[in-house]
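> Below is a structure I'd like to ask you about.
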Amino acid sequence: LFDAIIVGSGPAGTFCASELRGRNVLVVDVGFRPARIPDLGGNLYDLRRSRPDMFDDLIGSDFEGLHNTHRNNVSLKLKSPGTAYVIRDWEKLSPIVSSSFEGMMSFAQGGLANVWGAGVYRFNSADLEGFPLGAEELAPYYDSLTEHIGVSGTNDDLVPYFGADSGLMPPVRITRFAEDLLRQYEKKRQAFKVQGITMGLPRLAV
Ligand SMILES: Cc1cc2nc3c(=O)[nH]c(=O)nc-3n(C[C@H](O)[C@H](O)[C@H](O)COP(=O)(O)OP(=O)(O)OC[C@H]3O[C@@H](n4cnc5c(N)ncnc54)[C@H](O)[C@@H]3O)c2cc1C
């Protein structure tokens, strides 16, 4: 009936589906969706001007979106009433038992990428040591993904850590403070290097 059935519509599942385009593909997902918060479309500036109070929608009437209330070890991004659905019920549906790390899972349509920071970094050879695939074998797939989603950034001093990307879009504008910091770094690159400090621009899927 189907050439392939993909379980999960997070970044991994959607890119698999994209690579299989043209075939008969079914993507299934548990698919939790956000609670409908009325009139919360558009940009924040317009929203702030048009709505007197967004506390309940963004922070929550029980302060659940704030740090150190309710659950500590969860990113603030995942606590707000509009985003809490992303990790809804994960401990019940797929508990992780570990004494060495704390994990979390998503059963939301689109997965954890609903709240991600859009930072996109390639695994390099050091990261992949002992793994059956090397950085060079992965490079064509990273290149294809870079072209597909559009990654802004530049090949700067961070290349040894993040890998060299081809087909990057121009880097995003950074704040004046960050610009100044980078300028100072570039002037004293050698001194920073001795201290083991390297700086550069982020690679962002925007
Ligand atoms: C706050 C935050 C910020 C992040 N920022 C970044 C960042 O800047 N850069 C970066 O690279 N990564 C970031 N990440 C991590 C990134 O979001 C995840 O690595 C990525 O989403 C994993 O993709 P995935 O497709 O493997 O899994 P997921 O995104 O977890 O998707 C899994 C999907 O499978 C579905 N599913 C699972 N089990 C079943 C089942 N049995 N039946 C049906 N459906 C199922 C789920 O509903 C979900 O849709 C961030 C994560 C968080 C939480």
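Laboratory data are not the source of any read-out in this text; all were calculated from the coordinates shown. These numbers come from a predicted model, not from an experiment. Using ideal geometry, Cβ is built from the backbone for each residue, glycine included, and neighbour counts are taken over all protein chains shown.
> What does the charge dipole of the chain about its Cα centre add up to, to the nearest 20 debye, if the Cβ of each Lys and Arg holds +1 and the Cβ of each Asp and Glu holds -1?
Dipole of the chain, to the nearest 20 debye: 540 debye.
> Let me ask another. Grab the beta carbon distance between ILE149 and VAL172, set R0 = 22 Å, and tell me the FRET efficiency rounded to 0.05.
In this case the efficiency is close to 0.95.
> Cα-Cα pairs above 23 Å in the range 1-112: how many percent?
Of the Cα pairs, 46 percent sit more than 23 Å apart.
> Counting only helical runs of four or more DSSP H residues, what would the 222 nm mean residue ellipticity of the chain come to if each run contributes -39,500 (n - 2.57) and the total is spread over all its residues?
-8000 deg cm²/dmol
> Could you compute Rg(Cα) / (2.2 N^0.38 Å) for the chain, with N its residue count?
Normalised Rg, Cα atoms only: 1.24.
> Taking R0 as 45 Å, what's the FRET efficiency between ARG71 and GLU129 from their Cβ-Cβ distance, rounded to 0.05?
0.85
> Through the Karplus equation 6.51 cos²θ - 1.76 cosθ + 1.60, θ set to phi - 60°, convert the phi angles of the range 55-63 into ³J(HN,Hα) values in whole Hz; use x for Gly and Pro.
Couplings: 4, 4, 6, 9, 9, x, 5, 9, 6 Hz.
> Where both residues lie in the chain, what percent of DSSP beta bridges are antiparallel, nearest 5?
20 percent
> Cross-link candidates for LYS79: which lysines have Cα within less than 19 Å, leaving aside residues fewer than 8 places away along the same chain?
LYS92
> Output wanted: per-residue J couplings in Hz (rounded whole) for the range 95-105, from phi through Karplus 6.51 cos²θ - 1.76 cosθ + 1.60, θ = phi - 60°, x for Gly and Pro.
Residue by residue, the range 95-105 yields x, 10, 10, 8, 9, 10, 8, 10, x, 7, 9 Hz.
> Could you tell me which of SER50, VAL25, THR69 has its Cα farthest along the dipole of the range 24-113 towards the positive end, charges placed at Cβ (Lys, Arg +1; Asp, Glu -1), taken about the Cα centre?
Highest projection toward the positive end goes to VAL25.
> Taking θ = phi - 60°, what integer Hz values does the Karplus form 6.51 cos²θ - 1.76 cosθ + 1.60 yield along the range 75-90, in sequence order, with x for Gly and Pro?
Here the 3J(HN,Hα) series is 4, 4, 4, 9, 9, 5, x, x, 10, 4, 4, 4, 10, 4, 6, 5 Hz.
> Could you pull out every residue, at least 5 positions away or on a different chain, whose amide H is within less than 5 Å of the one on MET169? Hs are placed 1.01 Å off N in the peptide plane, and Pro or chain starts have none.
VAL151, SER152, GLY153
> How do the peptides 43-49, 104-110, 120-126 rank, highest first, by the average count of neighbouring beta carbon atoms within 10 Å per residue?
Final packing ranking: 104-110, 120-126, 43-49.
> Tell me which residues come under 5 Å, amide H to amide H, from ILE6 once H is placed; ignore anything under 5 positions away on its chain.
LEU26, VAL27, VAL28
> For ARG183 and ALA118, what does the FRET efficiency come to when R0 = 22 Å and r is the distance between their Cβ atoms, rounded to the nearest 0.05?
0.35
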